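What follows is a set of notes on a single structure, which appears directly below.
The values are calculated or read from the model by the stated rules, or taken from the named source; none is laboratory data. Here the structure is a predicted model, which means the values were calculated and not measured. Positions of Cβ are generated from backbone atoms using ideal geometry, with glycine treated the same way; all protein chains shown enter the neighbour counts.
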């Protein structure tokens, strides 16, 4: 029935823009978080490039944004069409949060199998049941409040994701409430790695499998979400991934961009488990490069999206393994 629903939506739901559109999927399963779901499906031709099964990216918008905003600015749909993968965009409703933020600070929305996290889990299950998804290559990506909600999903369902990309986010911390969360977002307090990792472990107390790899991106001049939150996130995830929270490799001026330092955290087998893009002279904004006509250019400027000459989504897709830049 789910496959039939997708077929009907594709037949009657697309307008003249065709493949660039996103389909709203209204009956994707249980929806205790009362969210909307949008799906971008790339051209069928790209399946030939990936052996049939295609990866899936879940992209979560920030406050005051929508699925369309994040799709337009991030450039995920363009990359999906070129390299062959699906993108699902959960969208908040103002009925749930007047600012359009995912409720990353409410226990009822970030605890496993409850509220908004469970709604998003249902979206992923819908995509898995309806499309030919490579279950080893499911990724999550989020901006700001969407980043915090992405971390919650990684904590609640660690076996589901290959990697999470967290842009201007912070660690998973239950039981905060709105006012307390905002205070910690602006001025985070230091917490031990053991306590931070314990918050995650509590969601799956008997889990012994692997945790998803972590990619973090944050501007040093972010006056909305203090960059210290990203350091706490790395501190939380490092013991879960069995790495030090001190980087193994530090690459200043990454790809010739003087403001960008790439930090790599390797495990004992030299596998890259955590990546941190620390960006000087950047506030609470998504980095794009709309005037770069090379393969590594793209994205669009807008609210919370700035032309930094660096298409962050492209390099995140490279780190996820969705793109091989050598080809």
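In the list 215, 160, 196, which residue meets the criterion of being within 21 Å of the chain's Cα centre (by Cα) and in a helix (DSSP H, G or I)?
Numbers: 215 fails: in a helix (DSSP H, G or I); 160 fails: in a helix (DSSP H, G or I).
Every option except 196 fails the conditions.
Have a look at 243, 225 and point out the one that is farther than 19 Å from residue 296 by Cβ, part of a loop (DSSP other than H, G, I, E, B) and in contact with a helix residue (DSSP H, G or I) (Cβ under 6 Å, 6 or more places away or on another chain).
Result of the check over 243, 225: 225.
Out of all the residues in the range 254-286, which are under 21 Å from the mean Cα position of the chain (by Cα), closer than 17 Å to residue 168 by Cα and in contact (Cβ under 8 Å) with a residue 60 or more places away in the chain?
Result: 274, 275, 276, 277, 278, 279, 282, 283, 284, 285, 286.
Which residue pairs have Cβ atoms under 9 Å apart, sit 6 or more places apart or on different chains, and have a first residue in the range 81-108 that is on the phi > 0 side of the Ramachandran plot and free of Cβ contacts under 8 Å to residues at least 40 places away in the same chain and a second that is surrounded by fewer than 22 Cβ atoms within 10 Å (Cβ to Cβ) and in a strand (DSSP E or B)?
Pairs that qualify, where the first residue is on the phi > 0 side of the Ramachandran plot and free of Cβ contacts under 8 Å to residues at least 40 places away in the same chain and the partner is surrounded by fewer than 22 Cβ atoms within 10 Å (Cβ to Cβ) and in a strand (DSSP E or B), are 100/91.
Filter the range 158-184 down to residues that are out of contact with any strand residue (DSSP E or B) (no Cβ under 6 Å at 6 or more places or on another chain) and crowded, with 22+ Cβ neighbours inside 10 Å and give me whichever is nearest to residue 311 (Cα to Cα).
By that ranking, first place goes to 169.
Among 74, 150, 144, which is the only one that is crowded, with 24+ Cβ neighbours inside 10 Å and at positive phi?
Of 74, 150, 144, the one residue that is crowded, with 24+ Cβ neighbours inside 10 Å and at positive phi is 144.
Any idea how many residues of the range 89-132 are touching a strand residue (DSSP E or B) at 6+ places or on another chain (Cβ under 7 Å), at pLDDT below 95 and surrounded by 17 or more Cβ atoms within 10 Å (Cβ to Cβ)?
1
If you go through the range 208-231 one residue at a time, how many are over 20 Å from residue 277 (Cα atoms), touching a residue at least 40 places away in the same chain (Cβ under 8 Å) and surrounded by fewer than 13 Cβ atoms within 10 Å (Cβ to Cβ)?
1
Go through the range 57-70 and give me each residue that's closer than 20 Å to residue 121 by Cα and surrounded by 20 or more Cβ atoms within 10 Å (Cβ to Cβ).
If the condition is that a residue be closer than 20 Å to residue 121 by Cα and surrounded by 20 or more Cβ atoms within 10 Å (Cβ to Cβ), then 57, 58, 59, 60, 61, 62, 67, 70 are the ones that fit.
Contact list please: Cβ distance under 7 Å, first residue in the range 303-315 and within 17 Å of residue 70 (Cβ to Cβ), second residue part of a helix (DSSP H, G or I) and modelled with pLDDT of 95 or more, pairs at least six apart or on different chains.
305/73; 313/74; 313/76; 313/79; 314/79
Which fully enclosed helices (runs of 4 or more DSSP H) of the range 38-138 have 2 or more residues being under 28 Å from residue 203 (Cα atoms)?
Fully inside the range 38-138 and qualifying: 107-110, 115-130.
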